[in-house]
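What follows is a set of notes on a single structure, which appears directly below.
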Amino acid sequence: HLIGQVKTGPCLVKENPNTKVKNVCMFGAIDVDTYGKPELLNELTTIVKESGVPFVITESTSSGYHLRINFKKLHKCSVVISFLKKFHNKYLSAHKVDIFPAQEFVEKNGQGNFLYNPYFNGMNEPMQVGFNEDGEPLSLEDYLEYTASRKVDLRELADLDFYKDNDQRTTHNGPNAE
């Protein structure tokens, strides 16, 4: 991947190897499929700052952007999908998006959707780079550090206005898959 030969990307839906809880993930993403809008990156960086959600913005292979959220621990896919849909409804409803993970569960021996990793050909002239909170492109090394510094547990975000609701599965009592 980093030398530009084969694109790779992780499957989001997995099983927790310690507890055998299935249909969990370590990150989620919103794929913003808005094209031909040069100001989109600035719009997305502003949204991320204002929302309080520690998304990392990366370019997509189709010239859009991914808002990636990385977790400290595994979370149930259903909870991550709910969180990302609520974020979309509050902040990105004017944009066509795809949510990842795309499914709450996969059948036995099945495989969920995946996203390509950024920095294809990262050792030379990278494609699909990541950006810091000000929308400035990051080197591969800086991207890895930045992404690690923004990992979150969904419980830390339970009090955000768009995420609050009476469904305890999606607030303090349920997003972990430990």
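The values are calculated or read from the model by the stated rules, or taken from the named source; none is laboratory data. Model, not experiment: these values are computed from the prediction. Quick reminder, even Gly has a Cβ in these numbers, built from the backbone with ideal geometry, and neighbours come from all protein chains shown. What goes into the accessible areas is simple: the full protein's heavy atoms, side chains included, and nothing from ligands, DNA or RNA. Shrake-Rupley method; radii C 1.70, N 1.55, O 1.52, S 1.80 Å.
Details
- Number of positions in the range 152-178 that are modelled with pLDDT of 75 or more and either farther than 22 Å from GLU104 by Cβ or assigned to a helix (DSSP H, G or I) (or both): 6
- Leading residue by the ranking (most open to solvent (accessible area, probe 1.4 Å)) among those in the range 30-44 that are under 19 Å from TYR143 (Cα atoms) and over 14 Å from the mean Cα position of the chain (by Cα): ASN42
- Residue match in the range 56-63 (condition: under 22 Å from SER149 (Cβ atoms) and at pLDDT 95 or above): yes
- Entirely in the range 26-106, the strands (runs of 3 or more DSSP E) that have 3 or more residues that are charged (D, E, K, R): 65-76
- In the set SER93, SER82, only one residue is without any contact (Cβ under 8 Å) to a residue 24 or more places away in the chain and more than 23 Å from ASP134 (Cβ to Cβ); that residue is SER93.
- Candidate set: the range 124-145, residues that are at pLDDT 90 or above, open to solvent by less than 30 Å² (accessible area, probe 1.4 Å) and not aliphatic (A, V, I, L, M); chosen: the one farthest from ILE3 (Cα to Cα): GLY135
- Taken together, PRO17, PRO10 contain a single residue that is open to solvent by 40 Å² or more (accessible area, probe 1.4 Å), under 16 Å from ILE99 (Cα atoms) and modelled with pLDDT under 70, which is PRO10.
- Restricted to the range 50-103, and to residues there that are more than 21 Å from TYR116 (Cα to Cα) and among the small types (Gly, Ala, Ser), the residue that is farthest from the chain's Cα centre (by Cα) is ALA94.
- No other residue among ASN70, ASN89, ASN23 is open to solvent by less than 50 Å² (accessible area, probe 1.4 Å), polar (S, T, N, Q) and at pLDDT 90 or above apart from ASN70.
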